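Since the structure comes first, as structure tokens, the remarks are kept for the end.
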Amino acid sequence: MKQKSLVAEIVRVAILLAATLVSCQVAAQEPIVIKFSHVVASDAPKGEAAQRFKELAEKATKGRVRIALYSNSTLYKDKEELEALQLGAVQMLAPSLAKFGPLGMKEFEVFDLPYMFPNLEAVHRVTQGPIGKQLLNKLESKGIIGLAYWDNGFKVMSANKPLRVPADFNMLKMRIQSSKVLDVQMRALAANPQTLAFSDVVQALRSGVVDGTENPPSNLYTQKMYEVQKNITVSNHGYLGYAVIVNKKFWDSLPWDIRTALTQAMAEATKYGNARAQEENAAALAAIQKTGKTAIYHLNVKENAEWRAALLPLQTQMAGRIGKDLIDAVRKESAMADVNK
Ligand code: LMR
């Protein structure tokens, strides 16, 4: 009898071992899913950069990672998305640099200051240099890792009236991102700033909840804001870019070879996305002009000087919030860019 029960026990253990091995193999084949949520259209610069990152990341990890992309606020809208990332409900985001103030990262609003950057080369001297790295490192205290900066571009202003001189903004309800600098910017133009989630802007413009807004042309175009805005002024008064961020606990839990592959994929997606952003913003302006629904105005030298006179003082006024040293460092780095580029 003993012989029989021993054999039965050996068979039982062998079956258990085989089942465990199979489940480990199945588990090993299950891809690591990274939920990447953003608020723009998939054909906007950030949407295209995210798609390229997905392709590169899945290829580089040979399918061990799957990037689940959620565009156009389909998973989370502004504000919700940062909360979701910190809770680990989503693993990756690329919020505008103008949206980190509510997280306590007021320094990021240095990118919102009007006329801080003469061109994208100046922006990249900051974002791709020590200043940009130091800013991303500050995110770690919030449980966030900053992986990269992505461009959109320089902002234009829109409304349903011509915007040629600062006085034209008087009393206009202007939608802004959740940035104190942008709030002060609109008040410097005697406008009435209204912080709204990006997903709510078109409807707010259509219904008259707000009169106008600011954004790079690619966002105005891909959200069809031109259908409810009769006038655009190509002011290029400020920059809009993104920080690509990941939940720190999740990132640290990844195998080192996966992190290395994702870092490389991110670097390539950044190069691709920044190039596409420049192309898309130029194409968007031309496409909006072609619709005939929106008059596009370029400021003359005198008008440009009036806008600068109204908005440049913010670089000093906002030092208490952002930090004078940071503003000076960004201004110094930016001034070293080749303005002819
Ligand atoms: C906005 O809210 O206007 C932009 O930050 C949207 C985006 O992500 O480009």
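The values are calculated or read from the model by the stated rules, or taken from the named source; none is laboratory data. Note that this is a predicted model, so its numbers are computed, not measured. Because the Cβ atoms are built from the backbone with ideal geometry, glycine has one as well, and the counts that use them run over all protein chains shown. We work out accessible area using only protein heavy atoms, side chains counted, and drop any ligands, DNA or RNA first. Shrake-Rupley method; radii C 1.70, N 1.55, O 1.52, S 1.80 Å.
Summary table below
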{"item": "Filter result for residue 135 (more than 16 Å from the ligand (Cβ to nearest atom), touching a strand residue (DSSP E or B) at 6+ places or on another chain (Cβ under 7 Å) and assigned to a helix (DSSP H, G or I))", "result": "no"}
{"item": "Flag if residue 121 is under 23 Å from residue 311 (Cα atoms), surrounded by 20 or more Cβ atoms within 10 Å (Cβ to Cβ) and of a type in the set (Asp, Glu)", "result": "no"}
{"item": "Failed item in (1) over 24 Å from residue 255 (Cα atoms); (2) at pLDDT 75 or above; (3) of a type outside the set (Asp, Glu); (4) out of contact with any Leu (no Cβ under 7 Å at 6 or more places or on another chain), with residue 2 passing the rest", "result": "(2)"}
{"item": "Flag if residue 262 is more than 16 Å from the ligand (Cβ to nearest atom), of a type in the set (A, V, I, L, M, F, W, C) and surrounded by 21 or more Cβ atoms within 10 Å (Cβ to Cβ)", "result": "yes"}
{"item": "Condition met for residue 218 (over 20 Å from the mean Cα position of the chain (by Cα) and either away from the ligand (no atom under 14 Å from the Cβ) or open to solvent by less than 10 Å² (accessible area, probe 1.4 Å) (or both))", "result": "no"}
{"item": "Residues of region 290-341 that turn out to be surrounded by fewer than 15 Cβ atoms within 10 Å (Cβ to Cβ) and modelled with pLDDT under 95, as a count", "result": "9"}
{"item": "Exclusive hit being of a type outside the set (Phe, Trp, Tyr), in a strand (DSSP E or B), crowded, with 19+ Cβ neighbours inside 10 Å and more than 21 Å from the chain's Cα centre (by Cα), set 213, 233", "result": "233"}
{"item": "Residue among 118, 114, 95 that is touching a His at 6+ places or on another chain (Cβ under 9 Å), under 17 Å from residue 329 (Cα atoms) and in contact (Cβ under 8 Å) with a residue 60 or more places away in the chain", "result": "114"}
{"item": "Count of region 170-196 residues which are assigned to a loop (DSSP other than H, G, I, E, B) and under 15 Å from residue 98 (Cα atoms)", "result": "4"}
{"item": "Segments classed as helices (runs of 4 or more DSSP H), wholly inside region 276-341, with at least 3 members that are of a type in the set (A, V, I, L, M) and farther than 29 Å from residue 222 by Cβ", "result": "301-311, 324-335"}
{"item": "Per-region count, region 240-252, residues open to solvent by 10 Å² or more (accessible area, probe 1.4 Å) and either in a strand (DSSP E or B) or within 16 Å of the ligand (Cβ to nearest atom) (or both)", "result": "1"}
{"item": "Residues satisfying the stated conditions in region 149-169, i.e. farther than 29 Å from residue 124 by Cα, part of a loop (DSSP other than H, G, I, E, B) and open to solvent by less than 20 Å² (accessible area, probe 1.4 Å)", "result": "163"}
{"item": "Where residue 136 falls short, out of the listed (1) in contact with a helix residue (DSSP H, G or I) (Cβ under 7 Å, 6 or more places away or on another chain); (2) at negative phi", "result": "(1)"}
{"item": "Identity of the residue in region 81-100, in a helix (DSSP H, G or I) and open to solvent by 10 Å² or more (accessible area, probe 1.4 Å), that ends up nearest to the ligand (Cβ to nearest atom)", "result": "99"}
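Listed here are the residues, each with its yes/no results for (1) modelled with pLDDT of 95 or more; (2) in contact with a Gly (Cβ under 9 Å, 6 or more places away or on another chain); (3) away from the ligand (no atom under 16 Å from the Cβ); (4) among the basic types (Lys, Arg).
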residue	(1), (2), (3), (4)
25	no, no, yes, no
36	yes, no, no, no
45	yes, yes, no, no
52	yes, yes, yes, yes
55	yes, no, yes, no
64	yes, no, yes, yes
69	yes, yes, no, no
